[in-house]
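The values are calculated or read from the model by the stated rules, or taken from the named source; none is laboratory data. For clarity, every value in this text was computed on a predicted model and none was experimentally measured. Ideal geometry is used to build each Cβ from the backbone, glycine not excepted, and the neighbour counts take in all protein chains shown. Keep in mind that these areas ignore ligands, DNA and RNA; they rest on the heavy atoms of the full protein, side chains included. Shrake-Rupley method; radii C 1.70, N 1.55, O 1.52, S 1.80 Å.
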Amino acid sequence: MSELLVGTKKGLFTLRGEPGDTFDVASRDFAGEVVEFAMRDPRTGRTFASVTHGHYGPKVFFRDGDAGDWSQATLEFPQDTGATLERIWLVKPGETDGVLYAGVAPAALFMSTDNGETWELNRALWNVPTRPEWNPGAGGLALHSICPWPGDPQRLAVGISAAGVWLSEDGGQSWRTGYTGLVPLYVPEDSREETHALCVHNMHRAPLRPERLFLQFHGSVYRSDDEGATWNDIAAGLPSGFGFPIAIDPADPDSAFVIPLNGDFDRVTPEGHVGVYGTRDAGANWDTLDKGLPGSDSWLTILRQAFGTAGEGPDLQLAFGATSGAVFASGDAGGTWAAAAEHLAPVTSVRFA
């Protein structure tokens with residue numbers, strides 16, 4: 001039995017079932033509210049939900065176990081920053097017991113050392129000298145990707161829309177850019193070398209080869225083999241380089257999965273055909289993984305947090321949700337798919353619990 005935490009524009013749905021079949025809706029929390037993201041910390045079993053209330057704004061809630069009351073965490077910008085929290089994009093477990101990270105808008109990194117109950121702003125990233133030059137993407141100025149280094153809590157990479165990749169080797173006390181090789185085609189050619197307007201859409205690290213990162217960019221897909229210092233374009237063979245989420249197989253550092261969309265001019269699946277594309281050779285070749293997915297007249301949009309994985313290797317489970325309210329799941333690394341749910345509210349995030 002698999003469990004999916006599905007954040008939507010109208011609450012958090014917990015789905016239970018087997019990939020390849022329809023899932024049941026086991027529960028719905030935060031009815032009527034926007035749940036941007038939800039995940040369960042595998043170390044403690046604690047579930048986190050990022051909720052944006054129309055009146056009270058963005059909050060992080062947590063609970064232990066599958067039911068019961070939610071508690072609100074303390075996460076807010078210090079008064080001296082002059083910033084107001086706009087959205088909490090994700091919560092990510094760190095490499096030290098009790099440590100979690102949160103990425104928010106306006107682009108900032110928060111850290112918790114007490115299993116997510118209280119949070120502190122990372123001042124070093126907030127105060128980088130180029131911050132006044134940062135610009136938002138269409139979804140705001142967002143820190144949405146956090147990539148710890150397995151076994152080394154000092155190393156961290158984050159992705160920001162639209163301010164590129166930022167790297168730390170000292171636990172977040174200092175930061176440097178990881179821009180080289182990223183090509184922002186939306187910026188005039190003569191300004192690309194100097195710009196900070198690098199619109200990262202999603203980024204993941206390969207656990208067994210942590211110097212390797214895969215990145216879905218605004219217009220292409222990239223791979224880094226040197227900890228994010230430089231990037232190589234690997235989009236050849238895809239119907240489009242544009243998309244929002246990217247996923248990996250933790251057992252295979254040569255693997256990545258993307259869901260292409262037409263482009264920023266038309267953010268739907270190309271030609272109305274829903275397809276996941278996977279590589280097992282680090283982007284040299286891409287396979288179409290669409291057996292069981294809608295084959296025509298299906299113009300779906302899949303957002304950056306709406307693609308989750310569980311397990312590894314041939315038993316890798318994949319699941320993604322669309323703004324149409326449909327969720328699709330695979331139990332064989334994308335070989336076959338089936339609708340897990342078809343009529344939820346617009347999906348913002350999907351994670352296996």
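The residues packed around A26, meaning those with a beta-carbon under 11 Å from its beta-carbon, carry a net charge of -2 if Lys and Arg are +1 and Asp and Glu are -1. One chain, two ends: Q72 and E95. Fully extended at 0.36 nm per residue, the span grows by 5.9 nm beyond their Cα-Cα distance. Local charge for F214 was computed over the other residues whose Cβ lies under 9 Å away, with Lys and Arg +1 and Asp and Glu -1, and equals +3.
Between region 245-305 and region 98-138, how many Å separate their Cα centres? Region 245-305 and region 98-138 have Cα centres separated by 29 Å.
Considering only protein heavy atoms and a 1.4 Å probe, what is the carbon-and-sulfur percentage of the accessible area of region 202-353?
The nonpolar share, carbon plus sulfur, comes to 47 percent.
Placing dummy labels 7 Å off each Cα toward the beta-carbon, the span from E194 to D264 is 2.0 nm. For the chain, lysine pairs separated by 8 or more sequence positions, or belonging to different chains, with Cα-Cα distances below 24 Å total 5. Hydrodynamic estimate: the Kirkwood radius of region 69-132 over Cα pairs, inserted into Stokes-Einstein at 37 °C and 0.692 mPa s, corresponds to D of 265 µm²/s.
Residue by residue, region 249-265 carries 3J(HN,Hα) couplings of 9, x, 8, 9, x, 9, 9, 7, 9, 10, 10, x, 10, 4, x, 5, 7 Hz when phi is fed to the Karplus relation 6.51 cos²θ - 1.76 cosθ + 1.60 (θ = phi - 60°); x denotes Gly or Pro.
3J(HN,Hα) along region 155-162: 9, 8, 10, 10, x, 10, 10, 10 Hz, from the Karplus curve 6.51 cos²θ - 1.76 cosθ + 1.60 with θ = phi - 60°, whole Hz, x for Gly and Pro.
Amide H to amide H, with H built 1.01 Å from N, H218 comes under 5 Å of C199, H201, counting only residues 5 or more places away or on other chains.
Here the 3J(HN,Hα) profile of region 53-58, calculated from phi with Karplus coefficients 6.51, -1.76 and 1.60 at θ = phi - 60°, is 8, x, 9, 8, x, x Hz, Gly and Pro shown as x. Relative contact order, whole percent, for region 171-244 stands at 28, derived from Cα pairs under 8 Å and 6 or more residues apart. With the gyration tensor restricted to C-alpha atoms of region 155-213, the semi-axes of the equivalent ellipsoid amount to 23, 13, 9 Å, longest first. Using Cα springs under 10 Å in a Gaussian network model of the chain, which residue among P239, P132, P294 shows the largest mean-square fluctuation? Per the Cα network of the chain with a 10 Å cutoff, P132 tops the list.
Of the listed values (i) 21.8; (ii) 19.2; (iii) 16.1, identify the label whose number matches mean projected area of the Cα convex hull in nm² calculated from this model. Checked against the structure: label (iii).
Between the amide H of W149 and those of R155, distances stay under 5 Å, these residues lying 5 or more places away or on another chain, with hydrogens modeled in the peptide plane. Under a Cβ-only charge scheme (Lys and Arg +1, Asp and Glu -1), can you give me the dipole magnitude of region 49-104 about the Cα centre, in debye to the nearest 20? About 200 debye. Taking amide H atoms as placed 1.01 Å from N in the peptide plane, the amide H of A341 lies under 5 Å from those of F23, V327, each 5 or more residues away in sequence or on another chain.
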